[in-house]
Amino acid sequence: MPHAKKEDHASMLLMMISKNGPMSIDEIENNLFKFASQFGYGGDRDRIKNRKKDKNHRIITDTKELCESLVERNLLCREDDIYRITEKGGEIAEDTLHKIKRVWTWIDRNIISPEAASKNTVIIDAFLALIKLAAGFVSGSIALIADGTDAAVDTVSALVVYFSVKFKNEMIGTLVIIGMMFFTSISIGINSVDGILKFVKGSSEVMKSPELVICVEIVALLFAMLLTFYQRSVGKKFRNFALISQSVDSKNHIYVSLSVISGAIFSIFGVEIADSIIGGLIAVRIFFDGFELLKESFSSINGEEINFAKYSSFIEKKWHIYGQRTFQAYVIYSLLQKSRMTETEIIEMLEENFDSGYIPILSESGFGLAKNKDFKKDFSDIVSPLADIGILNLESGKYAIEKNTEIRITEYITGIFVEKVSPSLIHERVKDLKVRESFSRKDKLDKASRVMKEKEKISSIIKGRFENKIYSIMCTDERVLLMRHKESISIYLCDITELKESEGKVSTMTVEIFTGENHYKLDYLSRRKSFGFINDLKQKVHGIEYSDGSEVNLLDRINILSKIQDYLDKKLKAVQ
């Protein structure tokens with residue numbers, strides 16, 4: 001429903017002005033930029049190019065148009081380019097805010113509170129125990145019966161955890177979980193040894209319906225993955241070790257399910273002993289995890305602080321790295337504008353953009369990259385990696401970007417060579433641009449020296465199609481050069497009378513070049529990679545300057561930051 005999407009954007013804008021007071025367009029866009037920053041820039045977001053076709057997502061590109069439409073509906077009023085909320089608009093904003101708070105109150109109470117997480121775990125464990133035991137007895141799988149027994153024990157321990165959380169005595173729940181893990185480990189171990197002995201005696205039982213076992217364990221595997229992430233996230237957020245202990249047990253069930261599935265597959269091929277061996281491995285795994293949790297519990301009882309950080313999930317670790325890249329990208333972006341900044345200035349800049357003021361929806365939900373972020377405490381973690389790879393240097397108490405690196409980043413952002421390139425070096429220098437994936441040694445870019453003058457320099461390069469053939473297309477200080485194998489075509493800048501830019505098929509661009517006698521149509525140019533070449537050509541032919549990043553347009557800032565983040569991702573991953 002397109003109208004509903006526009007109404008959502010309107011409600012968000014009304015909430016923003018209602019909470020923050022009268023705002024100009026620049027202030028509104030700055031707040032929208034902060035909203036976008038809380039999700040990170042994602043790397044390589046050359047998006048919202050086709051604005052007219054995507055009317056549902058124009059809040060970023062048409063903020064003023066949206067504000068004016070709200071003025072027409074008497075939800076906002078405008079005085080000297082300052083937008084104020086009307087009484088009618090205030091009522092809508094308050095109603096929307098009330099609905100959002102009600103939703104998040106329900107989520108807090110029923111999903112992400114420790115008590116809710118422990119209660120939901122009881123329900124899920126009981127369901128899993130029921131289907132595993134039923135399928136285990138039908139199929140005769142030792143591993144599945146053992147897994148179902150463990151799930152039943154988990155249900156009991158989950159009940160204990162629920163009451164321990166409810167009555168604020170989580171250590172009791174933790175110790176019960178650990179005790180149940182040891183009991184389960186021993187039980188599974190005994191059953192596994194019994195199965196191995198029966199196999200040796202030739203009296204082992206054949207697994208019935210291994211296909212059923214596989215289906216049930218796939219369901220259990222999915223629930224185990226969900227529970228592990230869910231329990232660990234809530235446990236870390238509220239520093240609840242009972243839930244962390246449950247997440248460790250749930251993580252074991254991921255391995256349990258994978259092991260039982262493997263045993264069932266082996267059973268299909270007549271390898272019955274695999275089921276018992278896998279059960280034994282499960283027992284060992286559970287025992288050692290229980291032992292580690294027991295040590296952590298005794299340390300806590302003796303007054304030592306539990307290190308919750310070591311229980312971070314893979315997703316949480318990736319989210320943390322993603323956040324660091326986002327903060328680092330903003331540091332680089334700010335230094336490109338201001339050249340030099342002190343530690344205090346960088347911290348203040350990060351706090352201003354990522355942790356300041358009211359942001360609709362995010363303020364109510366508590367979501368965002370900067371939630372509970374202490375930039376002063378984490379300053380070294382953000383900046384040090386940039387210094388280690390030579391992007392930043394510190395002189396006289398101020399941070400600055402190393403000059404050559406500044407040039408490379410600017411080239412990556414704009415897609416244009418700041419330092420014009422000679423033909424013999426083009427193959428190496430193209431690696432610094434976003435278009436680098438389009439070219440390889442087989443393109444033989446250095447052969448351009450055979451058709452170019454000695455002092456002629458290349459300013460931008462792209463790959464595209466001309467007359468149904470793929471060419472390497474270079475813009476130099478004298479011409480547009482199309483190269484393919486032994487063929488080359490020159491379009492001299494002084495002969496160009498007109499340029500036309502249009503959208504092509506499947507996210508591509510088309511550029512038409514007109515001279516006095518000829519018409520050249522270059523198509524299938526990557527929209528994501530060709531903007532540097534296109535703007536370079538415009539600048540040379542029409543004198544149209546392309547933004548170097550100093551403009552404050554909202555969409556420009558997001559796109560520039562996404563490219564900086566993409567650049568940092570590649571540089572930092574290269575040294576890891």
Answer with yes or no whether ARG84 is modelled with pLDDT of 90 or more, in a strand (DSSP E or B) and touching a Pro at 6+ places or on another chain (Cβ under 9 Å).
yes
Filter segment 414-435 for residues that are surrounded by 18 or more Cβ atoms within 10 Å (Cβ to Cβ) and among the small types (Gly, Ala, Ser) and give the result.
GLY415
Suppose we filter ALA134, ALA151, ALA129, ALA117 for residues that are within 28 Å of ILE268 (Cβ to Cβ), crowded, with 22+ Cβ neighbours inside 10 Å and either modelled with pLDDT of 85 or more or under 36 Å from the mean Cα position of the chain (by Cα) (or both); which single one remains?
ALA151
Residues to consider are VAL451, VAL418, VAL480; find the one that is touching a Ser or Thr at 6+ places or on another chain (Cβ under 9 Å), modelled with pLDDT of 85 or more and at negative phi.
VAL480
Test LYS505 against the criterion of being assigned to a strand (DSSP E or B) and either of a type outside the set (Ser, Thr, Tyr) or under 30 Å from the mean Cα position of the chain (by Cα) (or both), and give yes or no.
no
Among (1) under 30 Å from GLU68 (Cβ atoms); (2) part of a helix (DSSP H, G or I), the one test that ASP150 misses:
(1)
For residues in segment 267-309 being of a type in the set (Asp, Glu) and open to solvent by 40 Å² or more (accessible area, probe 1.4 Å), which is nearest to PHE182 (Cα to Cα)?
GLU292
Take LYS377 and tell me if it is charged (D, E, K, R) and under 18 Å from the mean Cα position of the chain (by Cα).
no
Test for SER449: is it of a type in the set (Ser, Thr, Tyr) and either closer than 12 Å to MET474 by Cβ or open to solvent by less than 10 Å² (accessible area, probe 1.4 Å) (or both)
yes
Cβ-Cβ below 7 Å, separation at least six or inter-chain, first residue in segment 64-83 and within 14 Å of PRO22 (Cα to Cα) and without any contact (Cβ under 8 Å) to a residue 12 or more places away in the chain, second open to solvent by less than 100 Å² (accessible area, probe 1.4 Å) and in a helix (DSSP H, G or I): which pairs?
CYS77/VAL71; ARG78/VAL71
Can you say whether ASP495 is charged (D, E, K, R) and within 38 Å of the chain's Cα centre (by Cα), as far as the supplied structure shows?
no
Restricting segment 492-547 to residues that are of a type in the set (Phe, Trp, Tyr) and buried (at least 20 other Cβ atoms within 10 Å of the Cβ), the one farthest from ILE461 (Cα to Cα) turns out to be PHE531
Strands (runs of 3 or more DSSP E) completely within segment 310-413 that count 3 or more residues being touching a residue at least 60 places away in the same chain (Cβ under 8 Å) and open to solvent by less than 40 Å² (accessible area, probe 1.4 Å)
398-401
Members of segment 429-444 that are in contact with a helix residue (DSSP H, G or I) (Cβ under 9 Å, 6 or more places away or on another chain), in a helix (DSSP H, G or I) and free of Cβ contacts under 8 Å to residues at least 24 places away in the same chain:
ARG429, ARG436, ARG441
Just need a number here: residues in segment 218-246 that are surrounded by 24 or more Cβ atoms within 10 Å (Cβ to Cβ) and touching a Leu at 6+ places or on another chain (Cβ under 7 Å).
5
Segment 445-460 residues that are without any contact (Cβ under 8 Å) to a residue 24 or more places away in the chain, paired with ones that are open to solvent by less than 60 Å² (accessible area, probe 1.4 Å) and not hydrophobic (A, V, I, L, M, F, W, C) (beta carbon under 8 Å, 6 or more apart):
ASP446/PRO423; ASP446/HIS427
Run down GLU545, GLU512 and say which single residue is at pLDDT 80 or above and either under 30 Å from ASP62 (Cα atoms) or in a helix (DSSP H, G or I) (or both).
GLU512
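The values are calculated or read from the model by the stated rules, or taken from the named source; none is laboratory data. All values derive from a computational prediction rather than experimental measurement. Here Cβ is always computed from backbone atoms with ideal geometry, including for glycine, and neighbour counts include all displayed protein chains. Only protein heavy atoms, including side chains, enter the accessible area calculation; ligands, DNA and RNA are left aside. Shrake-Rupley method; radii C 1.70, N 1.55, O 1.52, S 1.80 Å.
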